[in-house]
């Protein structure tokens, strides 16, 4: 490939479409664009030659002309699309057809978008094929009639077989520079931070100033910024093509400077993992980065060395942290550029490397820096004789001679002409990600609060905006109940300001600060706040404020409450403290009775998570006080009692299942006696354990998850595997069941029932028999998949998708095993940079909570064998695996009763049917005397004993299909479901919840319902949303009869309800089946609001209490056949995959960090947990709400057939909130 570094002829007066056509003729095979073939960058890039690209431009231009016809007037053509080559093709095709692409940001408001379209007189809209239009497009098209056309998919415009483009006729573009200089190249728009967005037209004359930069002579030894952007260099930009910098890099600079432009995966938002993968898989000479990503690089020492091979990073679009940017600059030079959408880059010069953070400008730029305060300067530009080539702003504003950018700068203390950005004089807060917020309306509204004297929005250069408030009475105490009441009243005004702002939720509760005593805001004679002077006064305070918010949220909140020490030995003291903590989260708790259900005063599932962290932090019960403890007794007194009990148990300090004696007792104890006691305790722990009634709940099958764990740099697979082996050996000593086998019970055992099983445990080491501990447990296997699967970094970049590869690559664990079988089946799968741990446990041995506790123990043991002596698993209660605990507590809690006295509707919470209900259905609802003898699963109840009804409401259980086969039979047509994952962004989650809350507020009955069952939680809303979408995809409302019912069955952890004395780390099965059902026609109807469905979910959630759980336990004792085939559940019935029923699991509040790191210098902390779906998809219908993402988004996972996935993608209600991941 020829490389010509000479300045081109007519530089600054060239038209890019002609540059491309000339290049295609002169160097047709030269690669000018490349794009990733998939999110997995190891699969390579498609390279596009100059000839192929211009052919594709011409093809697009002919399509436009055929659709729109010819006109002498330049027409605006609107577009929002994915980050792929089509937008670039469309840009040049528009120019050739006398149009101009108008590129709206998908983040714009509907009002802002309409304002831009109106001002630009845009009446043509182009939608990209291959996906649904953005919701913004649907919204504004309902209000503005436009000519809508479809832009074909990229594979049609740019086919793999480039020979298909040979017959495309060249589309002529013969305009001369003088004729086109004022023609529109493309149209963008302002951010709307100071009002509605306005269009910005880039003309060919403005674009020419970018070309002409190379004509600038050096100034005081400094070259113009274009120096080093050499012909043939590869460029990658992290900016979207809806952003001016993205257009500038990918559409303008690349062809002007003869660069090879690289586009990343179309559906992956640029992040550090993608940057790392790009550096690994393609040579990049120049990186164009948003400021926040440059900052993140400064904290990524493992990635920075990969970029040292590049020439430089161009950072633009906002302020870059001096500290973090300097770290980047040590590895790869940083070119810090500043420009505007109206004038682009004007006069920027290369400074010395150590001065990267400072700007220097060429004198021909015409800049003038006017002092507005001592040491602070405002930037202006004045027209001069160099305007045509070097003052792009005057191509945009042709009628002005001077312009105030309103950007503020400080001057270098020793180098004249060097400037550093210091915000804006129009007060716009520019966050580190380039996000702009106008603070004036918010500040005015908050200042209207009677206690507030003034406030300032802060956060320029930070990731999150904050509010600094000055009170009228600076002597007000900042703690106590009065202070809390004041804060909450101010926060109510802030929330109103949020709701009225362009950017909703721009201020968070944790980012509200108050001015310091003795430091009043600086004001003018008219008492107007002098913003810059006050910001300077509070600069150190603001910095410390943001540093504190970088810590754990709950810790910061607790510190603010001043409650870092609580006397947990006193119930009264703990009760007061719990009220204080919870009231800081939901104000209504302050006056609530101690026995009030907290869900009726404003708590939801997310606030439970926040409250749990706060309570655990101040009581030193981290990892012990968990969300399920909150749910167990959601009252102030209930939580306080639980805290007191758990704290007392912690003080008892147990180790490895035995109570630790005091140090004095240990010193006095005979060493031989201590050894005997330790061996006796181990023998007791290894006694074979018969499974209890709830252990047989799940059936003979394994449950499996895949845990994604990054390896530390330089660690070999063998090193990591050895740690896993040693850690598992120790974990099996602490949790002996992990080393056991599930075996059938002998029919000769006393009390034997068909289907009974027990866990057989291995013997202790024996000198006589020569039995020694194995250092290589058979339950753990090694597999190197580094040549088969993508690297860990690539998997992280794609979001650890469940559908990325089949589970059979990761594990050979049978889904439905023959007995006997191992309790544990694990495979450690190693890929470059990480390990995917396929962790399977038998469902009889542990339920989902127990499985995660076992995994946590293993992780802690891995830390222990690497030298962490604190990783002793003391938090594990000694009775965590005592399978008699439920029966013992059942007898002492006061709810035990004969099964014959239990409300028969409790059968609706078990995986077994009540024959009395079956018969009632069969006899078509005839009135049956409930006093007659009724068969319960073939077991007669006592005759002439009236079956008790509970005082609370329980629904009649739905009629369930029978399970005729175990294992469940595969589909008769041989088809298998495929795992499909959707994501709802944090913004859309909030929007969804608010839409349902609005419907709730409009329902006159909602207040009474809230008093009875509490407020709708986010979990209720998501469950309703997911349930409806999944069933709609399988069985539309119009195809359903009024008798068709949809049942969802939710395995519900009842540890919190069973007994306050049940250890929170109890690992055996402790679940019931909470069912909800609804007619398919109503569920799927567009007339049924999501609120009504969420209300059903809420009612089901509130039915579970201690009495119900114990009644269910009573009924379980009457089962005489525990064989899996005796189960009766909706998700196990024949033909389930063709029906509307599903098993539903909500894992939203589980966090990977709960497992804890596997430790040392070998493993980093687990980053993701994914359900093994392939085996579930062969037999069941399962819906999962996955753990909440770090960005606040929620992922939804289910199995689908192809036509069902298509149906979900075309479900307008679903897709306005959800996005398909894969």
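The values are calculated or read from the model by the stated rules, or taken from the named source; none is laboratory data. Just so it is clear, the structure is predicted and the values come from calculations on it, not from any experiment. Glycine also receives a Cβ, built like all others from the backbone with ideal geometry; neighbour counts cover every protein chain displayed.
Considering the conditions (1) modelled with pLDDT under 85; (2) in contact with a helix residue (DSSP H, G or I) (Cβ under 8 Å, 6 or more places away or on another chain), residue 455 is excluded by exactly one of them, (1). Consider region 531-566 and keep the residues that are modelled with pLDDT under 80 and assigned to a loop (DSSP other than H, G, I, E, B). The one that is nearest to residue 617 (Cα to Cα) is 564.
Considering 778, 783, the condition of being modelled with pLDDT of 90 or more and within 19 Å of residue 1166 (Cβ to Cβ) is satisfied by 783 alone.
Scanning region 307-317 for any residue that is at positive phi and buried (at least 23 other Cβ atoms within 10 Å of the Cβ) turns up at least one such residue. Residue selection: residue 800 fails the criterion of being in contact (Cβ under 8 Å) with a residue 40 or more places away in the chain, in the same structural domain as residue 712 (by TED's automatic domain parsing) and in contact with a helix residue (DSSP H, G or I) (Cβ under 9 Å, 6 or more places away or on another chain). Of everything in region 1067-1091 that is part of a helix (DSSP H, G or I) and touching a strand residue (DSSP E or B) at 6+ places or on another chain (Cβ under 9 Å), the residue that is farthest from residue 991 (Cα to Cα) is 1080.
If the condition is being at pLDDT below 90, out of contact with any helix residue (DSSP H, G or I) (no Cβ under 6 Å at 6 or more places or on another chain) and on the phi > 0 side of the Ramachandran plot, then region 177-226 contributes only 195. Out of region 28-56, which residues are over 30 Å from residue 1221 (Cα atoms) and touching a helix residue (DSSP H, G or I) at 6+ places or on another chain (Cβ under 6 Å)? Residues satisfying the conditions are 28, 30, 50, 51, 52, 54, 55. Checked against the criterion of being buried (at least 23 other Cβ atoms within 10 Å of the Cβ), modelled with pLDDT under 80 and over 30 Å from residue 740 (Cα atoms), the candidates 1108, 1022, 1016, 1009 yield just one match: 1016. Scanning region 94-121 for residues being in contact (Cβ under 8 Å) with a residue 60 or more places away in the chain and either over 27 Å from the mean Cα position of the chain (by Cα) or at positive phi (or both) gives a total of 15. Per the listing 235, 272, the residue uniquely over 28 Å from the mean Cα position of the chain (by Cα) and either surrounded by fewer than 24 Cβ atoms within 10 Å (Cβ to Cβ) or farther than 25 Å from residue 710 by Cα (or both) is 235.
Return the residue satisfying two criteria in turn: it lies in region 1128-1147 and is in a loop (DSSP other than H, G, I, E, B) and surrounded by fewer than 22 Cβ atoms within 10 Å (Cβ to Cβ), and of such residues it is modelled with the highest pLDDT. Show your work before the answer.
From region 1128-1147, those in a loop (DSSP other than H, G, I, E, B) are 1128-1129, 1133-1135, 1139-1141, 1147; that's our starting set.
Then keep just the ones that are surrounded by fewer than 22 Cβ atoms within 10 Å (Cβ to Cβ); that gives 1128, 1133-1135, 1139, 1147.
Working: 1128: 70, 1133: 46, 1134: 45, 1135: 53, 1139: 76, 1147: 81.
Taking the candidates together, the pick is 1147.
Looking across region 855-876, just one residue is under 22 Å from residue 1059 (Cβ atoms) and buried (at least 21 other Cβ atoms within 10 Å of the Cβ), and that is 876.
If you check 124, 181, 187 for being under 39 Å from the mean Cα position of the chain (by Cα) and over 26 Å from residue 428 (Cβ atoms), only one passes: 124.
May I ask you to list the residues in region 250-269 that are within 31 Å of the chain's Cα centre (by Cα) and touching a residue at least 60 places away in the same chain (Cβ under 8 Å)?
Narrowing region 250-269 to residues within 31 Å of the chain's Cα centre (by Cα): 250, 261-269.
Scanning region 250-269 gives 250, 261, 262, 263, 264, 265, 266, 267, 268.
Residues in region 314-335 that are in contact with a strand residue (DSSP E or B) (Cβ under 9 Å, 6 or more places away or on another chain) and more than 19 Å from residue 463 (Cα to Cα): 314, 329, 332, 333, 334, 335.
Tallying residues that are modelled with pLDDT under 90 and part of a helix (DSSP H, G or I) within region 1170-1211 yields 6. Filtering region 345-374 to residues that are more than 43 Å from the chain's Cα centre (by Cα) and not in a strand (DSSP E or B) leaves 362, 363, 364, 365, 366, 374. Looking only at residues in region 1030-1059 that are at pLDDT below 75 and in a loop (DSSP other than H, G, I, E, B), the one that is surrounded by the most Cβ atoms within 10 Å (Cβ to Cβ) is 1040.
Hey, can you tell me all the residues within region 410-433 that are more than 37 Å from the chain's Cα centre (by Cα) and assigned to a strand (DSSP E or B)? Steps first, answer last, please.
Just the residues of region 410-433 that are more than 37 Å from the chain's Cα centre (by Cα), to begin with: 410-419.
If the condition is that a residue be more than 37 Å from the chain's Cα centre (by Cα) and assigned to a strand (DSSP E or B), then 410, 411, 419 are the ones that fit.
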